[in-house]
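For reference, the structure is listed below as structure tokens.
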């Protein structure tokens, strides 16, 4: 399966803001966005600030796609599903992405980034409803339980991530740090999702 293998810090610099793709590094003074707040490349520091309407829509789509760690084909599939569902297409899209197993694992605090969450899932450390799931894109349903496999509970990466997580504040999730488990209580409402993005611009872009 295709995946992005270049530096993820370049993605943040391209969007001119932190997308929190690198875990703890994003919160440190070593974050490249703090050092070089302009796009990567030879002419990154001299690019014009004027952006067309299409350019604004494209950048918003790229930002959301990169935050959730998706490639273009995957993102288009999610958009098609969201477009067919009842309700507002943009909100449906974000709710769908928030229901992915890798995202929920990250939100629970068991992984410092979605990329690390995907690695934990791919390496078969995660159980959903007491069954092994190794598909990061697995869509959770309300009431689904997520927990770390018993043999994997001593993984340093998981405990390091939990140490950095502040008090749990997501109303659609419950977490038990002692047992390294959590529950996906419900699909979150868009207003509750901490995502600094305008998904309506993505809808406008794909509607052309």
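Below, the figures for the structure above:
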{"quantity": "Exposure proxy order (Cβ contacts within 10 Å, fewest to most) of 112, 152", "calculated": "152, 112"}
{"quantity": "Residue order, fewest to most beta carbons within 10 Å, for 163, 61, 50", "calculated": "50, 163, 61"}
{"quantity": "Proxy reagent accessibility, fewest Cβ within 10 Å first, across 54, 138, 78", "calculated": "54, 138, 78"}
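Values quoted throughout were computed directly from the atomic coordinates according to the rules given, and no laboratory measurement underlies them. Quantities reported herein were computed from a predicted structural model and do not represent experimental measurements. All Cβ positions, even for glycine, are placed from backbone atoms using ideal geometry, and neighbour counts span all protein chains on display.
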